[in-house]
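The values are calculated or read from the model by the stated rules, or taken from the named source; none is laboratory data. Quick caveat, the model's predicted, so the values are computed rather than measured. Neighbour counts are summed over all protein chains in view; Cβ atoms, including those assigned to glycine, are modelled from backbone coordinates with ideal geometry.
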Amino acid sequence: MHITDILVTGEPIIYGAMVSMVLVGIALLFLLTYFKKWGWLWREWLTTVDHKKIGVMYILSALLMLFRGGVDAMMMRVQLAFPDLGFLNSQHYNEIFTTHGTIMIIFMAMPFLIGLMNIIVPLQIGARDFAFPYLNALSFWSFFFGMALFNISFVIGGAPDAGWTSYTPLSGAAMSPGPGQNFYLMGLQLSGIGTLATGINLMVTILKMRAPGMKLFHMPIFTWSTLVTSFIIVFAFPILTVALALLTLDRIFGSQFFTLTGEGMPMMWANLFWMWGHPEVYIVILPAFGIFSEVIATFAKKRLFGYNVMVWSMIVIALLSFLVWVHHFFTMGAGAFVNSIFSISTMLIAVPTGVKIFNWLATLYKSKIEFTVPMMWSLAFIPSFILGGVTGVMLGMAAADYQFHNSYFLIAHFHYVLIAGTVFACFAGLTFWYPKMFGHKMNERIGKWAFWLFFFGFHVCFFPQYFLGLDGMPRRLFITNVAEWLPLNVISTVGAFGMGLGFMVFVYNVYYSFRYSERETTGDSWNGNGRTLEWATTTPVPYYNFATVPYVDEIDPYLRMKEEGKTTYEESELKPIHMPSYTAQPILFMALLGLASFGLVFEWMYVAIFGLIGGVIMMIVRSFDYDDGYYVPVDEIKRTEKKARGL
Amino acid sequence: MKAKHLRNRWLGLLPLSLIIFLSGCGQLEMTILDPKGPVSQMQYDLIVYAFWFMIGIIVVVFALFAYMLIKYRENRPGRKDKDYDPNLHGNTMIEIVWTVIPFIIVALLSIPTVTTNYALEKPPEPEAGEEVKEPLVIHATTADWKWFFSYPEQDIETVNYLHIPTDRPIEFRLTSADSMSALWIPALGGQKYNMAGMRTKLYLQADEEGIYDGRNSNFNGEGFAAQTFKVHAEGEDEFNAWVEEVSSEAPELTRERYNELLKPGLTDKETFSSTHLEYLQHHTNEDMGYVVEQYRDLFKEKLHLYEIEKQETWK
C-alpha cells in the first residue's frame, strides 16, 4: 500500500487542516522542549491516577472536541446558507455531519460530564479518590486513544460518512467500503471500554466510599445524578459494545449480521443502536440536571426544593429511558399497537421531567437569586429546555412523528435539549467548579459576554429550524435547493456564528482569568455560599482531598460545618493517609489497544495482533503488580494544610 | 427609577416580537401546516391539538420563571425579610398537583395519538355521502438514488415521478433495492421507510389537484439530496388518460433496462408500459441482496454530486 492510498487527498480544506495540525504539533513539541516540561508532563499528568487531574484532562479533551465539532457545524451552516458557493460537495458534507454528531455526543458531551464527575463526586462524598484509581486512568486513556483514532480519520483513510447513527445496510462493507466506517466502529469501541469502566468505578465509589454517616439520601444531588447515570451506563453500554462488535465482524471478517446478502437483518442494527442510544441521551442529560440543581441551590442561597422527589424522578427517568427506543423509528412500520405503546412510554418521560422543572422553579421561590455566570447558564436552561421538551412530546406522538421524522423539526428538538441541557450544564459546571480546579475564578464580565452571545446565538440558530422542519426540509441534506428554505437557513447560520463567537470568548476567558484573576485564598469560593463537601476542602485541593473526613448526617453538610466552625482539618484526628501510586501502565496499555484498533481500521492484521498481544501482556503485568500505594505521613499532611489554610 | 421603568417596558416587548416572528413565519405557508389530503389533515389536526397544550405549558412555565426572577433577585429594591426562606424544601400538596397535571396532559395527548396511529394503518375513510373507493396500489421501490413507481393494475412503471388520481386512497407498498430510505410527500402525509427484504404499507390521498414535492427523507449516501420526485395529483379522467397514453406509447421495461437503472447513480424521469415486479421482488429474502451482489464494485465509486447539481437535471 502506498502512502497516497492512506492520506486523504484532493480537498483544499483538508490540506489546510493537515498543515495546521502539523504546525500545532511542532509548536507543542517545541514549547515542551524549550521549557523543559517533558518530565513534568510525564510524571504529573500522563502517569497520574489522581481523579482531579484525570478530570482536568477529560475536560481539556472535551473542550478540544467541542472546538472540532463546532468547526464541523460552522462548515455545515456556511454550506446551507450559501449553497451557490460550492463550499462543500455532498461527500464532504456527509462526512462532516457524521463526525459532528459522533464527536459531540461521544467525545464531547460524555467526557465533559465524566470529567466534572471525576473531579467533583469524590469531593462531594468525602472520598480520597475513586474506588479503582488505576482503572480510572485506564478509562481516560481508552477514551483519549479512541478519540484520537476517530479524529485522525479525516486526514488518514477518510472520515466515516453514514451518519452518527451509522445505520446498516448503508454502513456495511458493501455500500461503505474503505476504512472510514471502521474508524467509527473502532473509535467508539475503544472509548466505550473506558465509559463502561467509569460507570462501574463511579458506582462502586459512590456506594462504598461515602463519608461516615452519609446515607444515600444525604448525598448531594450531582452525586445522585452520577450514581443513576452510572447505572444507565452499566446497563446500556454493553449493548453498544455488542452491536459495534457485530458490525465490525461484518465489515472486516465478512460475517452477515446486518447485510442485505446472506439473510442479514439490517433493521436489527437500528434496534440495538437505539437500545443503547436512548439511554445514552439520559447519560448526558441526568448529570446536567444534577449540575443545575447544585448551581441553582447555591446561588438561590436556599435548600433544593423537593430533594427526594428530584432523586426519584431521576430514577424513574432512568428506568423509562430503556423503554422508549422504538420512538427513533416509528416509521419502520412496526404497526399501530407497537407505536402506541412506545408513544405513551415516551410521553410519560415528560412527567418526571416536568416535576423537576417545577422543583427548580420552587427552589427559586423565596430565595435570594444572585446572577453569577454559572447561575445564568442554569437559569437560561429552564425556558430553553422547555422549548425542546414540549417538542419532544410532539415527536413522541407516533402519528405526528411520521411528519416530523428525519426533518429539521427533529434537528431543532434535539439541539434544544442537548445544548440547553448538556452544553449549558457543562459551561455552568465548569465555571462553578473552576476555582476548585484551578485556584482562581473565571472572569465574570467576560463570562457574561460569552453567555449572552452563546445564548442568543443558540436560539437564533435553532428556533428557525422548527419551521424549516414544518416546511418539509429533511435533515442531512447537503444543499438548500428549495428557495423557500433559504431565508431561515441564513438566519440559522447567523445564530451558529453567534454561538461560535460565544465559545471563543469563553476560551479567551480561560486565558484572561489565568493571567489576571484573583487567586483563591479560601476553599469556599462563591462568597461562602458553598453547601456541600467539595467547598469544605482548601483551594487548590490537596492531592489527598481531605485531611480528616467529616461525619455527615444531612443534606448540605457544609452549611452546618460552617455554623459549628468545623473543617476538614481536625489536627487531633489526623492519621496517615493511604494513597495510590502513579503508574504508566494505563497509558501504555491503551496505546497498545489503540494501535490494535488502528490496525483493524485498515485491516492490517499483523498490527492488530501485535497490539492485542501487547494488551494481554499489560494485563499480565498488572496481575503481578504488587504496588499497594503508599502512606502520606501525618507531618506532611500538617505541613500541606497549614500552608493552604494560612495557619 | 426611571431607567428601570424603561427597561421593564422593553422587556414587555419581548413576547410581542415573538408573535410578530411567528406570524411572519405563518405567511411562509409551511407544507405540513397546509395539508392537501385526509392523511396529512389527520396529522395536522393532531399536531395542532398537541400544539395548544404545549403553548399552555410554555406560558405557565415562562410566567412562573419570570415571576421568580423578578421578585426574588437578591438586589431588588424593596425586598422584605419574608421574601427569603432558606429552609423551605417541600410542600406535599403542591408537589402532588404538579405531578398529577402532567399525567392528565399525557393521557389527553395519548388518546388522539393512539386513535390516529390506528387510523393511519387503514385507507382514509371517504367523507360522508361519498362512495368508498378501492385504494389504488402503487409499489414504490427505491434504489440508490432513484424512485420506481410500479402500477400493477395498470401495468405501467414510472421512474422519478408519480401520477395519482385525486379523491382516491393510494396504497403504497414500499420496499428498497438497496439502502434504507423513506417515502415522504409532506403535503399528503407523513413518511415510512423503504427497506430491502421488507415491505411496508403507507396510505396517502390527495384531495386537491396539484403538483407536490416528494422525496426520500432518510439519508442513504451521496446522492440522497437528489432522490426527489414530483407528485402529479389529477382528476380521475385525466389520470386515466395519462395511463392510457403511457400504456400505448411507452416502451416495455426489459430486464436489461431495469438492471441498468438499478446501478447506483442518478437517472432522469422515465416511463414504461410494464413493471419490474415480474423479474424482481426486492422485498423477498431471495432478492434483497440482488443489487449489492450485482454492483458491489460500483458502490466504491463516488458521484461528485456538485457537478451533477449544476446541470439542474434534478432540481
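Side notes on the structure shown:
- In summary, A:Glu636 fulfils each of the numbered conditions (1) in contact (Cβ under 8 Å) with a residue 40 or more places away in the chain; (2) assigned to a helix (DSSP H, G or I); (3) acidic (Asp, Glu) with the single exception of condition (1).
- Enumeration of residues in the range A:378-402 that are more than 18 Å from A:Ser343 (Cβ to Cβ) and within 8 Å of chain B (Cβ to nearest Cβ): A:Leu379, A:Ile382, A:Pro383, A:Ile386, A:Leu387
- Being within 14 Å of chain B (Cβ to nearest Cβ), more than 19 Å from B:Pro186 (Cβ to Cβ) and surrounded by 22 or more Cβ atoms within 10 Å (Cβ to Cβ) holds for only one residue in A:Phe478, A:Phe456, and it is A:Phe478.
- In the range B:145-160 there is at least one residue that is among the aliphatic types (A, V, I, L, M) and not assigned by TED's automatic domain parsing to the domain that holds B:Ser40.
- Qualifying position, being touching a residue at least 40 places away in the same chain (Cβ under 8 Å), among the β-branched types (Val, Ile, Thr) and out of contact with any Phe, Trp or Tyr (no Cβ under 9 Å at 6 or more places or on another chain), among B:Thr142, B:Thr166, B:Thr158, B:Thr116: B:Thr116
- Residue under evaluation A:Ala483, criteria (1) surrounded by fewer than 21 Cβ atoms within 10 Å (Cβ to Cβ); (2) touching a residue at least 40 places away in the same chain (Cβ under 8 Å), criterion not met: (2)
- The range B:45-67, residues that are more than 8 Å from chain A (Cβ to nearest Cβ) and under 16 Å from B:Met30 (Cα atoms): B:Asp45, B:Val48
- A single member of A:Met442, A:Met437 is at negative phi and touching a Lys or Arg at 6+ places or on another chain (Cβ under 8 Å), and it is A:Met437.
- All conditions but one from (1) within 11 Å of chain B (Cβ to nearest Cβ); (2) assigned to a helix (DSSP H, G or I); (3) among the charged types (D, E, K, R) apply to A:Lys436; the one that does not is (1).
- Evaluated against (1) within 24 Å of A:Val338 (Cα to Cα); (2) free of Cβ contacts under 8 Å to residues at least 60 places away in the same chain; (3) crowded, with 21+ Cβ neighbours inside 10 Å, A:Phe237 falls short on exactly one condition, (1).
- Checking A:Thr168 against (1) at pLDDT 95 or above; (2) among the polar types (S, T, N, Q); (3) more than 19 Å from the chain's Cα centre (by Cα), the condition it does not meet: (1)
- Residue within the range B:31-44 that is surrounded by fewer than 14 Cβ atoms within 10 Å (Cβ to Cβ), more than 20 Å from A:Thr353 (Cβ to Cβ), at pLDDT below 95 and out of contact with any strand residue (DSSP E or B) (no Cβ under 9 Å at 6 or more places or on another chain) present: no
- Out of A:Glu534, A:Glu518, sole residue that is in contact with a helix residue (DSSP H, G or I) (Cβ under 9 Å, 6 or more places away or on another chain), more than 30 Å from A:Ser623 (Cβ to Cβ) and either among the acidic types (Asp, Glu) or modelled with pLDDT under 90 (or both): A:Glu534
- Looking only at residues in the range A:296-335 that are closer than 18 Å to A:Ala398 by Cβ and without any contact (Cβ under 8 Å) to a residue 40 or more places away in the chain, the one that is nearest to the other protein chains (Cβ to nearest Cβ) is A:Gly333.
- For the range A:258-314, a residue qualifies if it is small (Gly, Ala, Ser), buried (at least 21 other Cβ atoms within 10 Å of the Cβ) and assigned to a loop (DSSP other than H, G, I, E, B), and the qualifying residues are A:Gly264, A:Gly306.
- A:Ile411 within 14 Å of chain B (Cβ to nearest Cβ), over 26 Å from A:Trp360 (Cα atoms) and within 22 Å of the chain's Cα centre (by Cα): yes
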